[in-house]
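A.B. asks: Quick one: this structure, given as structure tokens, is what I'll be asking you about.
The values are calculated or read from the model by the stated rules, or taken from the named source; none is laboratory data. Worth saying up front: this structure is predicted, and the values here are computed from it rather than measured. Counting neighbours? That spans all protein chains shown, and the Cβs are built from the backbone with ideal geometry, glycine included. Only protein heavy atoms, including side chains, enter the accessible area calculation; ligands, DNA and RNA are left aside. Shrake-Rupley method; radii C 1.70, N 1.55, O 1.52, S 1.80 Å.
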Amino acid sequence: MTDAAVPDRTKGGWALLFAAWLVALGASLAVLFVGEVMGQAPCNLCWFQRAFMFPLAIVLGVACLRADLSSWRYALPLAVAGLLVAGFHSLLYLGLIPERITPCSQGVSCTSADMTILSGLPLPLLALAAFGAIVVLLLFIRSRTPA
């Protein structure tokens, strides 16, 4: 096997990729715990965020196993889309979006006390932080990857 065929996990890029995967995996497991164990039903926007976070956990996990630093190309669009949904959800949770355009008018409300865990940490803001961290990590990977 040549040196080019062996993934180099000693460079900082792989550690960043691994960190991004840990964030995505942790967020995915956390929402499953909140929904399935704690019994909190997700609102509509939470479902959309899950649609972006769950694939990120799989894509980044496979990229870590293969030491594929070019994975930012297909993971970044998922993370940015999730970041946009989480940003909108956070603005809604904080009351900065007028009620007339609230997408969660049926089912669980985005502003209810059920949208918090661990003594008051709001789920929408945690999702925003998770997607934001993944985007930043992927952008660092992009800057370290040759074109």
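A.B. asks: Is there any pair linking a residue in the stretch 119-147 that is open to solvent by less than 80 Å² (accessible area, probe 1.4 Å) to one that is aromatic (Phe, Trp, Tyr) and modelled with pLDDT under 90, with Cβ under 8 Å and at least six apart or on different chains, and which?
C.D. replies: What qualifies is 122/93; 124/93; 125/93.
A.B. asks: In the stretch 30-83, what residues are small (Gly, Ala, Ser) and touching a Pro at 6+ places or on another chain (Cβ under 8 Å)?
C.D. replies: So the first thing to find is which residues in the stretch 30-83 are small (Gly, Ala, Ser), and the list is 30, 35, 39, 41, 51, 57, 61, 63, 67, 70-71, 75, 79, 81-82.
35, 67, listed by residue number.
Every residue, every condition in (1) surrounded by fewer than 22 Cβ atoms within 10 Å (Cβ to Cβ); (2) out of contact with any strand residue (DSSP E or B) (no Cβ under 6 Å at 6 or more places or on another chain); (3) closer than 26 Å to residue 13 by Cα, yes or no:
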position	(1), (2), (3)
30	yes, yes, yes
38	yes, yes, no
41	yes, yes, no
53	no, yes, yes
63	no, yes, yes
70	yes, yes, yes
74	yes, yes, yes
80	yes, yes, yes
84	yes, yes, yes
